[in-house]
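These notes concern the structure reproduced below.
The values are calculated or read from the model by the stated rules, or taken from the named source; none is laboratory data. Every value quoted in this text rests on a predicted model; they were computed, and no experiment measured them. For neighbour counting, all protein chains shown are included, and Cβ atoms are generated from backbone atoms with ideal geometry for every residue, glycine included. Only protein heavy atoms, including side chains, enter the accessible area calculation; ligands, DNA and RNA are left aside. Shrake-Rupley method; radii C 1.70, N 1.55, O 1.52, S 1.80 Å.
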Amino acid sequence: MTVLLELRGVSKTFAGNRVLKDVDFDVRPGEVHALMGENGAGKSTLIKIISGVHAPDDGGIIRVAGTEYKAMTSRTAARGGIATVYQELLLFPELSVAENIFLGHAPRTPLGSLDWSLMRRRGRQLLDSLDSHDLDVDAKVGTLSVANRQRVEIAKALSQNARVLIMDEPTAALADADVRRLMVVVKRLRERGVGIIYVSHKLPEVFELADRVTVLRDGALIGTNPIAEVTEQSLVAMMVGRDIAQLFPKPVPNIGEVVLRVKGLSFGDRVRNISFELRRGEILGIAGLVGSGRTELALTVFGITPATAGTIELDGRTISITSPRQARDLGIAYVPEDRGLQGLVRPMSIAQNVSMAALHRVTNGLFMRFAAEISLAAEAIARLGIRTRGPEQIVGQLSGGNQQKVVLGKWLATNPRILIMDEPTRGIDVGAKSEIHALMGKLAQEGMAIVMISSELPEVLGMADRVLVMNGGTSVATIDRANASPETVGAAMTLAGQSVEMAQ
Amino acid sequence: MTWRKLLRHETILALLSVLALIVLASQSDKFFTVDNLLNQGRLMTEVGLIAIIMTFVIITGGIDLSVGSILGLVAILLGVFWKNLGLPLPIAIGLGLLVGTLAGLINGIIITRFRVPPLIATLGTLALYRGIAEGISEARSVRGYPDWFFVLGQGQFLGVPVQLWILGAVTLVAAIILGMTVWGRGVYAVGHNETAARYSGLQVDRIKLAIYSASGFAAALAAVIFVSRVSTTRSDMGTGIELDAITAVVLGGTSIFGGRGTIIGTVLGLILIQALKNGLSLAGIKSDGTIVLIGAVLILTILLSNLFHRNGNR
Ligand SMILES: Nc1ncnc2c1ncn2[C@@H]1O[C@H](COP(=O)(O)OP(=O)(O)OP(=O)(O)O)[C@@H](O)[C@H]1O
Ligand SMILES: [Mg+2]
């Protein structure tokens, strides 16, 4: 059988740290080859070697369409028809959607100048082929939601007539409906004979899409199998090296008095007249489609976009929150949706990031206590199982899932009373996910009030004591745990306009 | 780990400075004399004060082009307050420093409140402040300051020029603030990722306001020392000093994109530039040649340090 791309004995060492060990890998035309493994297993590194971002160690061989390379460059990758949608989005926020899609290979007029109208038309076609009719080719990418930015990335990869399309956790940022749309696109590409490398932590997706699956653990190849020969259990065991006890470990909640009461909260027309209560020890799940205003609600409560109407009560006292600093000082923490832009300062170390929202804990009022800072970070690393060389490692060098854990660690370091988490387990592997869920359960039991925004319905249903469903910027239903099911919540998410009250 | 990374550029720079000193010393026997070196320190102070604070500005990803004009404006006002308004000189100095700080604060307000990019905001005030200075002075110069005033720019303390003590103190305080305090940490965070800094509860706008005000203050202090050193006041004082300061900062390894930089680096950059200027002129090379050489050194150092930085990053 022909292969489009083949790797033999590829290794990669970062600063003496061997993160890929003698890996073999190949992609055939018209297949979806899933690449799986825990956070930090080396998936993104493998991908970056294929796309020419990193050069592998000596000794390995990469064969693309019959040509052998010791190392790829972005140029040889492009020539070999390899296109990549990276885990961390790499778009230019100030440029338009069309400009981003065609950056570096824009269509030209016979005179050699950029052919703007063709560019916009082809961009339109590409987006339409992704079922993104609602995405404007002239919109600035910086103004788009994460899900839409992801679509632009995919369109960008497709615009280069890829024969091998690499997707590094493409659905991590997408809501269920968007995931469906993406899977349709992936299947269509497979029919056209494109070979697709698909990295994901989501098992159902992998079982639906993949033809073969390769598992990495600690940089070593554990195996490549046809999908029919593996089960969920065997796959998880291959990845983690042990069995996972329970998927949504939810301890018996210990719900106390109301800590946060929001009444008629609005921000322009993005958040409209929302009221809810949050109790000590409670996990309030917020469900809704992308664009339903969930993140905007969180931003309003956290003071990034201060409310234009309505009141917020903390412990029965009416307060107005006009800045993140104020929210933080009141004991509110927000783990944001976009970790690269809002959550982390990537060029700084883990220690510097973990302390950033809790600087008061690592100073004597004026001077930094560097030792205290390091131990604060060490605490977070141990508590969340962050895979790293140490507190002084640069966050940008961590794997995506481990970066997410740093954001979490940073906000837990503030010892918040109210923790708002926006897609808390995005890009986190199955093992670590259940650890984070366990931690959430434990924090709630200790009295923290948690708001969890999630696009993963099973996560919301598994962890939340109550589910607030949003649609079109307003809350359409509040459903308590006993009544929350994929049907009730799903229906409320897509039903516009009417309010369903199912809580007692 | 991070320390080593930061120091790498500074090490290159230090080696380069030593090399320059050796070469220059061999060209002229006047160069390596205590008198000459101290005198160079004197000449370096005004740019130095401005460059030290400019380091903060550039680390936040900003720039302040208006410092030269603030220097000129304060120099003129000093003369006006003292001579034309008849205020006691110490009060005139105090007022001058206040005006400089306010001018910086205005830059900060334009940048943070109205979201004007720093380059454009301070390009505007560069013209504005210089224009005001020229309007006030009407091309007259002020002379005849009392003798005690010249101590600042011409006197010595323990054998070292007075203004060098001031520069030393400012440098030390700045280095401590930037490298060891919570506030300094905030400066770096803002420079690398303003959004994340804001989401972390840092007071981004306040940090910037403080830095631009400090930049105005530094320019005003430089103005007072300048006037004292040359014993006269003119409205074109400080023209182009912003470029010298920025060159020293960038040569010192501060990233123009923000987030990276140290005070030590800036000090080394200042020393290297001053040594080149002085050494070359002693060796009889025209000032055009010196500028070309400084440009070449700037590009070379940045290239070298990028070369080392490439590995292991990202
Ligand atoms: N530029 C770098 N410098 C140093 N170490 C790096 C660098 N890039 C990645 N690493 C390390 O290599 C290991 C593998 O990282 P990689 O990003 O490939 O993981 P991953 O399998 O994609 O994980 P995730 O599921 O979390 O995205 C990690 O331990 C990471 O810290
Ligand atoms: Mg990854």
Specify which residue in the list A:Leu412, A:Gly390, A:Asn353 is farthest towards the positive end of the charge dipole of the range A:347-415, using unit charges on the beta carbon of Lys, Arg (+1) and Asp, Glu (-1), about the Cα centre.
A:Leu412
What's the Cα-based Rg to Rh of the range B:94-217, Rh via Kirkwood?
1.06
Taking amide H positions as placed 1.01 Å from N in the peptide plane, with prolines and chain starts having none, which residues 5 or more places from B:Val142, or on another chain, fall under 5 Å of its amide H?
B:Thr233
Roughly how many debye, to the nearest 20, is the charge dipole of the protein assembly as shown about its Cα centre, given +1 on each Lys and Arg Cβ, -1 on each Asp and Glu Cβ, and no other charges?
1060
Take the Cβ-Cβ distance between A:Leu90 and B:Arg143 as r, set R0 to 51 Å, and report the resulting FRET efficiency rounded to the nearest 0.05.
0.25
Direction-averaged shadow area of the convex hull around the Cα atoms of the range A:5-240, nm²?
13.3
P(r) weight above 13 Å for the range A:347-415, C-alpha pairs, percent:
56
Working out 0.36 nm times the residue gap between A:Arg121 and A:Thr224, then minus their Cα-Cα distance, what length gain in nm do you get to one decimal?
33.0 nm
Can you check how the C-alpha radius of gyration of the range A:94-160 compares to 2.2 N^0.38 Å, as a plain ratio?
1.03
Radius of gyration, Dmax [the range B:2-307; alpha carbons; angstrom]:
19.2, 58
Relative contact order for the range A:338-456: what is it in percent, counting Cα pairs under 8 Å that are at least 6 residues apart?
27
For helix A:400-412, report the angle its Cα long axis makes with the longest principal axis of the Cα atoms of chain A; keep it between 0 and 90° and round to the nearest 10°.
20
Which of A:Asn483, A:Gly268, B:Leu251 sits farthest toward the positive end of the charge dipole of the protein assembly as shown, with +1 on the Cβ of Lys and Arg and -1 on the Cβ of Asp and Glu?
B:Leu251
Using only Cα atoms, tell me the angle between helix A:176-191 and the longest principal axis of chain A; keep it within 0 to 90° and round to the nearest 10.
0
Expressed as a percent, the portion of alpha-carbon pairs in the range B:205-244 spaced more than 13 Å apart is 61
Note down the magnitude of the dipole of chain B about its Cα centre, charges +1 on Lys and Arg C-beta and -1 on Asp and Glu C-beta and zero elsewhere, to the nearest 20 debye.
680
With n ≥ 4 as the cut-off for DSSP H runs, can you work out [θ] at 222 nm for the protein assembly as shown, using -39500 (n - 2.57) per run divided by the number of residues, rounded to the nearest 500?
-15000 deg cm²/dmol
Heavy-atom accessible area of A:Glu379, protein chains in place, probe 1.4 angstrom, given in Å² to nearest 10, is 110
Around A:Glu379, what is the net charge, scoring Lys/Arg as +1 and Asp/Glu as -1 over all other residues with Cβ under 13 Å from its Cβ?
+3
Amide H neighbours of A:Thr308 under 5 Å, at least 5 residues apart or on other chains, H built in the peptide plane: list them.
A:Ser266, A:Phe267, A:Gly268
Check the range B:2-307 and count each lysine pair with an alpha-carbon distance under 28 angstrom, considering only pairs eight or more places apart or from different chains.
4
Express in % the proportion of alpha carbon pairs of chain A at distances exceeding 31 Å.
47
Dipole of the range B:2-307 [Lys/Arg +1, Asp/Glu -1 at C-beta], most positive-end residue of B:Leu24, B:Gly168, B:Val34:
B:Gly168
Determine the relative contact order of the range A:5-240: mean sequence separation of Cα pairs under 8 Å and six or more apart, normalised by residue count, in whole percent.
29
In order over the range B:108-117: 3J(HN,Hα) from phi, Karplus 6.51/-1.76/1.60, θ = phi - 60°, whole Hz, x for each Gly or Pro, gives x, 5, 4, 6, 8, 6, 9, 6, 7, x
Cα Rg, Dmax (largest Cα-Cα span) when computed across the range A:278-387, Å:
16.3, 45
Could you name the lysines whose alpha carbon sits less than 26 Å from that of A:Lys442, not counting residues in the same chain fewer than 8 places away?
A:Lys202, A:Lys250, A:Lys405, A:Lys410, A:Lys433
Virtual spin-label span in nm between A:Ala438 and B:Ile291, 7 Å along Cα→Cβ:
6.8
Probe radius 1.4 Å, ligands and nucleic acids ignored: give me the carbon and sulfur share of the accessible area of the range A:5-240 as a rounded percent.
50
With every protein chain left in place, what is the accessible area of A:His133 in Å² (1.4 Å probe, nearest 10)?
120
How big is the charge dipole of the range A:258-374 about its Cα centre, in debye rounded to the nearest 20, if each Lys and Arg gets +1 on its Cβ and each Asp and Glu gets -1 on its Cβ?
120
Using θ = phi - 60° and the Karplus relation 6.51 cos²θ - 1.76 cosθ + 1.60, list the HN-Hα couplings for the range A:424-430 in order, rounded to whole Hz, with x at every Gly or Pro.
x, 10, 4, x, 9, 6, 4
Using only the Cα atoms, work out Rg/Rh for the range A:360-467, with Rh taken as the Kirkwood radius, to two decimals.
0.99
Expressed in nanometres to one decimal, the distance between label points 7 Å along Cα→Cβ at A:Glu392 and B:Phe32 is 3.6
Using R₀ = 56 Å, calculate the FRET efficiency as 1/(1 + (r/R₀)^6) where r is the Cβ-Cβ separation of A:Arg181 and B:Leu102; round to 0.05.
0.50
Quick one: with all protein chains in place, what share of the accessible area of the range A:347-415 is carbon or sulfur, to the nearest percent (1.4 Å probe)?
54
Starting at the first residue of the range A:127-139, write each ³J(HN,Hα) from the Karplus equation 6.51 cos²θ - 1.76 cosθ + 1.60 with θ = phi - 60°, in whole Hz, x for Gly and Pro.
5, 5, 5, 9, 6, 9, 5, 7, 8, 7, 5, 9, 5
Net charge contributed by nearby residues that have their C-beta within less than 11 Å of B:Ser141 (K/R +1, D/E -1):
+2
Report the FRET efficiency, 1/(1 + (r/R0)^6), for A:Phe248 and A:Ala491, where r is their Cβ-Cβ distance and R0 is 22 Å, rounded to 0.05.
0.55
